Amino acid sequence: MRRYTSSDEEEKELQGFLVGKSEHTLALFDHFISEFKKIGPVTVHPAKTMIGIANSHKRIVYITQLGRNFIHVVFLFKERYEDNLCFQKIAQVPGDIQCNHHFRMLHIEDVNDEVRKFMRMTYES
């Protein structure tokens, strides 16, 4: 099994999220992380209810759901990017400037040029 985190404790927590998931979902998760690593170094941080992905100074996306045949990812931006085909929902966090952009990945091909553009944007923010 591939190692995603830097500490044994975090790796154990992450494996708790991944245990029992379909091969398809695991392939989606692996592909998404691999695509981010093409942009730059990232670290994976399991939390109680989600998995954070961080660049060198902050968490930039959260994987909030690992379904039977999908993963659900929330991109964190300080503004709304309405002109896109990849986000199914955009919502501002109440009382904050943060705008969460929701992306549902059903197929490896869903990480296309448009999604990679937003991955780069959040990585560099």
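Nothing in this text is a laboratory measurement; each read-out follows from the coordinates by a stated rule. Bear in mind that the values here come from a model prediction, so they are computed numbers and not experimental data. Counting neighbours? That spans all protein chains shown, and the Cβs are built from the backbone with ideal geometry, glycine included.
Note on Glu11, Glu82: ascending count of other Cβ atoms within 10 Å places them as Glu82, Glu11, the fewest first.
Only beta bridges with both residues in the chain are counted; by DSSP, about 100 percent of them are antiparallel. Enumerate lysine pairs in the chain that are 8 or more residues apart or on different chains, then count those whose Cα atoms are under 17 Å apart. Lysine pairs, 8 or more places apart or on different chains, close enough: 8. Any chance you could check the Cα centroid distance between segment 72-89 and segment 95-124 for me, in angstrom? Using only Cα atoms to place each centre, the spacing works out to 6 Å.
Exposure proxy for Met105, Met50: other Cβ atoms within 10 Å of each Cβ, ordered fewest to most, give Met50, Met105. Full extension of the chain segment joining His24 with Glu82 gains 18.0 nm, where the gain is 0.36 nm per residue of separation less the Cα-Cα distance.
Taking each DSSP H run with n ≥ 4 as -39500 (n - 2.57) and averaging over every residue of the chain yields -10000 deg cm²/dmol at 222 nm.
Computed over the chain with a Gaussian network model linking Cα atoms closer than 10 Å, the most mobile of Thr25, Thr49, Thr64 is Thr49.
Please state, as a whole number in µm²/s, the translational diffusion coefficient that the Stokes-Einstein equation yields for the chain at 25 °C and 0.890 mPa s, with Rh defined as the Kirkwood radius across alpha carbon pairs. Translational D for this selection: 166 µm²/s.
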